[in-house]
Amino acid sequence: MNCNVCGVELPWTMGRPTCSECAPYKSKSVVRSAMATPQPPPTGQGADVTQAVIAELRQRDRVAAQFGIAIDESLTQTLIEELMARSAAGVKKYGTVLRANNGRDALLDGIQEAYDLCCYLMQAYLEQPHHEGLHLQFENAVNILRELRKLYGTPLTSATPIR
């Protein structure tokens, strides 16, 4: 018999088969959350968000240069190229670039991504505990998540238990 959540093979079980790793996520104490609720696919013809981010990166570099602050232009160029690659992946997945006013809650999307970022950075830290800066970046991600969560304001969970 296999776990009904992750599919791992289990020894004989009574009732609903769930492995010990997945059991906490099947508990009635875990409630449905906006964090786990998918949003509708993006639509609309609003501004291209990636192009707006690229313009902001370039503007920040110009302002820094005006104040004599050293910038790494090659890093900025790398960021721009990677943003464009991520945008292309989004077009492949969703059929459109990320646009403002696309029918989704952008702040909720950001909070969901911040939760994921915290988990990915913790995973990286657990896998590479001697890598300088990983734990600091995890802390930065947690602080960003806290601030985004404050902006959202309303509770994100309902009283509906997962069944």
Task: Amide proton proximity set for R99, modelled H, under 5 Å, gap of 5+ - done: V49
Task: Gain on full stretching of the segment that runs from Y152 to Q123 - 0.36 nm per residue minus C-alpha separation - done: 7.8 nm
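The numbers here are math on the coordinates, done by the rules we state, and not lab data. Being a predicted model, the structure only gives us computed values, none of them experimental.
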